[in-house]
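All remarks here apply to the structure that follows.
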Amino acid sequence: MGFSSNVTLNGVTARSLDSRGVTTTQAEGLPISATAGTSSQTLPNQCAVVCSLLTARAGRTGKGRIYLPLLGLTLQGDGTVPSAGQTAIANGMKALIDTLNTALVAVATSPKIGVQSHTASSQDAGAYTGAAVTNVAIGNIVDTQRRRRGSLTEVYISAAIT
């Protein structure tokens, strides 16, 4: 998928937050052995592909991001991520979130991976439980700094979370 041998997945941390954004429970998922990428590094260390987390909540408080250090990703001649690469990344992120959601059901009532917003939690009159991730979207622009890529037109490929 584009992880260079300089990138290693060591584990995943999931937290349950209350309406104030304070962690109430935490779970750690550690692989049996650290999983390292196999590609040669082709991009600088500051580059990342962004996975946008989309929810049913409208506005900025219903969106989140995960920056993926895909330093071994092969880009097209114009510097964009090929659609096959976007699809592979979207499907990989979908599989990760679906697996985490399944694992969370085993330890709690009905949690889902979600986007937590301090702004939204302070605006809700009742208990705020975050916004469950319903889709992931991968753009075709590699990010370094947002201000440098703000004028570039980005094409997204998305995958629905089950």
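Since every read-out is calculated from the coordinates, none of them should be taken as a lab result. Predicted model, so just to flag it, every value in this text is computed and none were measured. Quick reminder, even Gly has a Cβ in these numbers, built from the backbone with ideal geometry, and neighbours come from all protein chains shown.
The phi torsions of the stretch 48-61, fed into the Karplus equation with coefficients 6.51, -1.76 and 1.60 and a -60° offset, translate into couplings of 7, 8, 9, 9, 7, 9, 10, 10, 6, 6, 6, x, 5, 6 Hz, rounded to whole numbers, with Gly and Pro shown as x.
Computed from backbone phi with θ = phi - 60° and the Karplus coefficients 6.51, -1.76 and 1.60, the 3J(HN,Hα) list for the stretch 65-73 is 9, 10, 9, 9, x, 8, 6, x, 5 Hz; x is used for glycine and proline. In this structure the amide hydrogen of LEU71, modeled in the peptide plane, comes within under 5 Å of the amide hydrogens of SER4, none closer than 5 places in sequence on its chain. A simple spin-label model places the labels of TYR67 and THR99 2.4 nm from each other, with each point 7 Å out along Cα-to-Cβ. For ASN135, the residues 5 or more places off, or on other chains, whose built amide H falls under 5 Å of its own are LEU54, ILE161.
Extension gain, THR13 to GLU28: 0.36 nm times the residue separation minus the Cα-Cα distance gives 4.9 nm. Counting 0.36 nm for each residue step from ALA56 to ALA84 and taking away their Cα separation leaves a gain of 7.4 nm. Using the Cβ-Cβ distance between SER151 and THR74 with R0 set to 35 Å, the FRET efficiency works out to roughly 0.90. From most to least packed by mean Cβ count within 10 Å, the peptides 53-61, 93-101 give 93-101, 53-61.
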